[in-house]
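In what follows, a single structure is set out as structure tokens and then discussed.
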């Protein structure tokens, strides 16, 4: 994450740094306008299309003007991610823990479906923008102090588990969607294309469990599959016994 140094020499993050004074000409700028433009570019063309130079051109400004608002592209990405977190509705404070975690998970999935590039930036170190912190706070608060979760370490581990499932499932869904667009093969056509090879592989008898999964399992649509997996994770969390 890119940082600047404050007057006391301490690094300051973009969240705590004031914007430059507004100028009416040649075109007014703000971090919000910069971020909205960058998100529009990323939605249309992917993250590779986002650069300070291209965003500046879309805003009718010179690239150097953007450096008054941002130190580097990394800060722009941080702001974009936080803006998407801001689109995710937070559960009501009195919402029960399972419903709260379910709501947050589905909210993140819907946000990633609207902004596929968002999934590429999930994972790794926590995001620190105010909207991302509010999302994390809501995730922790859903469990904190509930039966079986008096210990904050248990809360943290359960939250990580839910998040790992959600991020992994969302990324897999996005990758599959991109593959369909890149190859022009939707799921039925892809299955038809690889069908003869799979049949030959299964005929060897070396993959009995895989054969049963392919031939006998229920093939769910993406949303149902996501919800089914999430409910299994929440079942596991709910089975945690209360601490003595």
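Can residue 175 be described as surrounded by fewer than 16 Cβ atoms within 10 Å (Cβ to Cβ), over 15 Å from the mean Cα position of the chain (by Cα) and in a helix (DSSP H, G or I)? Taking the combined requirement at face value, the residue does not satisfy it. Only one entry of 70, 76, 59 meets the criterion of being more than 23 Å from residue 127 (Cα to Cα) and outside the structural domain of residue 119 (by TED's automatic domain parsing), and that entry is 59.
If we scan the stretch 71-87, do we find a residue that is at pLDDT 95 or above and not in a helix (DSSP H, G or I)? For the stretch 71-87, residues at pLDDT 95 or above and not in a helix (DSSP H, G or I): present.
Given 97, 102, which one is in the same structural domain as residue 181 (by TED's automatic domain parsing) and touching a helix residue (DSSP H, G or I) at 6+ places or on another chain (Cβ under 6 Å)? Steps first, please.
Numbers: 102 fails: touching a helix residue (DSSP H, G or I) at 6+ places or on another chain (Cβ under 6 Å).
The unique qualifying residue is 97.
Of all residues in the stretch 158-195, those satisfying the criterion of being modelled with pLDDT of 85 or more and over 16 Å from residue 112 (Cβ atoms) are 158, 159, 160, 161. Criterion first (surrounded by 17 or more Cβ atoms within 10 Å (Cβ to Cβ), over 17 Å from the mean Cα position of the chain (by Cα) and assigned to a helix (DSSP H, G or I)) does residue 142 satisfy it? Judged against the criteria, residue 142 is a match.
When residues of the stretch 91-128 are filtered for being within 20 Å of residue 161 (Cβ to Cβ) and outside any helix (DSSP H, G or I), how many remain? I'd like the intermediate steps shown before the answer.
Taking the stretch 91-128 first, the residues within 20 Å of residue 161 (Cβ to Cβ) are 91, 95-109, 112, 119, 122-127.
Checking which are outside any helix (DSSP H, G or I) leaves us with 91, 95-96, 122-127.
The qualifying residues number 9.
Taking the stretch 32-70 as the range and being buried (at least 19 other Cβ atoms within 10 Å of the Cβ), in contact (Cβ under 8 Å) with a residue 40 or more places away in the chain and not in a loop (DSSP other than H, G, I, E, B) as the test, the residues that pass are 34, 35, 38, 39, 42.
The values are calculated or read from the model by the stated rules, or taken from the named source; none is laboratory data. If you're wondering where the values come from, they're calculated on a predicted model, not measured in any experiment. Note: ideal-geometry Cβ built from the backbone for every residue, glycine included; neighbour counts use all protein chains shown.
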